[in-house]
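Participant: What follows is a structure written as structure tokens; I'll ask about it next.
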Amino acid sequence: MSTDERARVEGQIEALFASHPPADTPHPEFWGAQFDHGLAWVQFPEGFGGLGVSPRWQADINRRIEEAGGSIRNRFNNVLGVGMGAGTLMAHGSEELQRRFLRPMFTCEEIWCQLFSEPGAGSDLAALSTTAVREGDTWIVNGQKVWNTLAHLAKWGLLVTRTDPDVPKHAGLTYFVVDMEAEGVDVRPLYQITGEAEFNEVYFDDVHIPDSMRLGEVGEGWAVSMTTLMNERVAIGGHVAPRGSGAISHAVNAWEQTDKDDAVARDQLLAYWVEAEAMRLTAIRAGEAAKRGTPGPEGSTAKLHWADLNKSITSFAIDLMGAEGMTYPQGYDFSRPDLTANRTEDPHKAFLRARANSIEGGTSEIMKNILGERVLGLPGEPRVDKNVAWRDVPRS
Ligand SMILES: Cc1cc2nc3c(=O)[nH]c(=O)nc-3n(C[C@H](O)[C@H](O)[C@H](O)COP(=O)(O)OP(=O)(O)OC[C@H]3O[C@@H](n4cnc5c(N)ncnc54)[C@H](O)[C@@H]3O)c2cc1C
């Protein structure tokens, strides 16, 4: 990180804080100014929310904003946009789309969702069936997606479709940005164990998408999807929270409410504390590796460990709470939240929500497959449909 870069970043932070004091400026206005000063995704080019400098500066910028009383909640409120869509747009979108979408994404004026999974295609995403058929400069989309987080709030969706059924599954995919308010898009809630519907199923019935909304070439949707998924694993597992926050804070709070005379529980709490801290440091390392280019398998390590540990620690916290741990103060009102509950302050809800951590963003089994093949160099899984046209692959 050069002295010149430091001076440029410092200069922009000072100018931003002078014109828009972080503690006193409404969040969307501050985020807009942050984008204009090139401090949104600092590695992006100037004019696109960045300064074209090393992405390593971003953590410093975020810390400075929070210390000055500002907010970086847009990274969570619009996690599928800010965390995943932005990197995908920069890597594969036209300049016109980048200029159109990045700023309102960062300010959360436009929320994004991810439309990948289908009833018959989750871990095996490339098997998906939603079709896009070209008619001149328009694509007509039909099919169903599922488990789409925050789709009920989204203005735009990251959509992967099948455009050529006559080639093997990975080769026949094309990726689009879809207007979630377009005619023929139907978003329906799916309720979770927490009693909330963070996610949805989304139906497409002759939805028209202009060809100008395509990301990447026709038939290259798999490569574009991989950019999104690699960013997703880092966004999910790689967020570096302050020491002692997140799941471990629930365990510490629960311990504070006990008589603190159970030596076994204390020993377990300290073991979890050490593990949580080791995970935090792993996330920092994965984040650093990701900043050197497109995120690699380090994101899978962080994601795998994060999921297992969250489940264990939130269970431990509930155990420490005794009978109170069995209650659920929030109730089941089937609300539609504007944020995923991964960062909830309620230990009961945290316990329930953590069950999904080993499924969302790629299951733990799939993370292990990735690590086995790409890090340990173990033989790949048998892929019997690799060279078979998608149309000819047997499916239920
Ligand atoms: C809270 C939450 C939020 C989500 N948000 C979104 C979203 O916004 N957008 C979106 O598109 N999707 C989203 N998903 C979907 C998620 O990506 C999928 O659920 C996930 O990829 C698993 O796919 P599946 O549910 O079809 O399970 P399946 O792929 O059918 O897997 C079922 C079981 O089989 C195992 N399995 C499958 N294949 C293998 C294999 N090759 N080797 C070993 N084990 C295997 C799996 O690990 C799992 O245990 C979300 C899911 C959750 C839980």
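Participant: In nanometres, what is the gap between the two model label sites at D211 and A389, each 7 Å from Cα along Cα-to-Cβ?
Facilitator: It is 2.4 nm.
Participant: Using unit Cβ charges (K, R positive; D, E negative) and no other charged atoms, how large, in debye to the nearest 20, is the dipole of the range 313-396 about its Cα centre? Walk me through the numbers before you get to the answer.
Facilitator: Details: 11 positive and 12 negative charges, 81 e Å.
Taking the Cα centre of the range 313-396 as origin, the dipole is about 380 debye.
Participant: At a Förster radius of 30 Å, what calculated FRET efficiency corresponds to the Cβ-Cβ distance of V133 and Y191, to the nearest 0.05? Present the calculation step by step, with values, prior to reporting the outcome.
Facilitator: Numbers: r = 33 Å, r/R0 = 1.11.
The pair V133/Y191 has a calculated efficiency of 0.35.
Participant: Here is a follow-up. Please work out the average accessible area per residue across the range 93-212, using the 1.4 Å probe convention, and give it in Å². Let's see the in-between values first.
Facilitator: On the way: 4600 Å² over 120 residues.
Result: 38 Å² of accessible area for each residue.
Participant: How would you classify the chain from its alpha-carbon gyration tensor, with a ≥ b ≥ c the square roots of the eigenvalues: rounded for a/c under 1.5, else prolate if a/b is greater than b/c, otherwise oblate? It would help to have the intermediate numbers written out before the result.
Facilitator: Working: a/c = 1.59, a/b = 1.20, b/c = 1.33.
Oblate shape, in that a/c is at least 1.5 and b/c is the bigger or equal ratio.
Participant: While we're here: Lysine pairs in the chain with alpha-carbon atoms under 15 Å apart, 8 or more places apart or on different chains: how many are there?
Facilitator: On the way: K169/K386; K303/K311; K303/K368; K311/K349.
Close lysine pairs found across the chain: 4.
Participant: Which distance in nm do the two modelled labels at F334 and T363 give, with both placed 7 Å along the Cα-to-Cβ direction?
Facilitator: Placing both labels 7 Å along Cα→Cβ, they lie 2.8 nm apart.
Participant: Using a Förster radius of 41 Å, what is the FRET efficiency between V274 and A182 based on their Cβ-Cβ separation? Nearest 0.05, please.
Facilitator: Working: r = 50 Å, r/R0 = 1.22.
It comes to 0.25.
Participant: Pop out the carbon and sulfur fraction of the accessible area of the chain as a percent, whole number, probe 1.4 Å.
Facilitator: Taking all protein chains in place, the chain shows 52 percent carbon and sulfur surface.
Participant: Oh, and also: Which value in nm describes the separation of the simple spin-label points at E5 and K260, placed 7 Å from the Cα toward the beta carbon?
Facilitator: For the pair E5/K260, the computed spacing is 4.4 nm.
Participant: How far, in nm, would the chain grow between T327 and S54 when pulled straight, counting 0.36 nm per residue and subtracting the alpha carbon separation? Numbers along the way, then the final one.
Facilitator: Values: separation 273, 0.36 × 273 = 98.28 nm, distance 4.76 nm.
Length gained, T327 through S54: 93.5 nm.
Participant: In debye, nearest 20: dipole of the chain around its Cα centre with unit charges on the Cβ of K, R (+) and D, E (-)?
Facilitator: Values: 38 positive and 56 negative charges, 170 e Å.
Here the chain has a charge dipole of around 820 debye.
Participant: Hey, another quick one. Can you work out ³J(HN,Hα) from phi for every residue in the range 157-174, in order, using Karplus 6.51 cos²θ - 1.76 cosθ + 1.60 and θ = phi - 60°, giving whole Hz and x for Gly and Pro?
Facilitator: Result, rounded to whole Hz: x, 8, 10, 10, 10, 9, 10, 9, x, 8, 10, x, 3, 5, 8, x, 10, 9.
Participant: What accessible area per residue, rounded to a whole number of Å², is obtained for the range 300-362 using a probe radius of 1.4 Å? Write down the numbers at each step before the final one.
Facilitator: Numbers: 2920 Å² over 63 residues.
That works out to 46 Å² for each residue.
The values are calculated or read from the model by the stated rules, or taken from the named source; none is laboratory data. All values reported here derive from a predicted model rather than from experimental measurement. Positions of Cβ are backbone-derived with ideal geometry, glycine not excepted, and every protein chain shown enters the neighbour counts. Note: areas computed on protein heavy atoms with side chains; ligands, DNA, RNA excluded. Shrake-Rupley method; radii C 1.70, N 1.55, O 1.52, S 1.80 Å.
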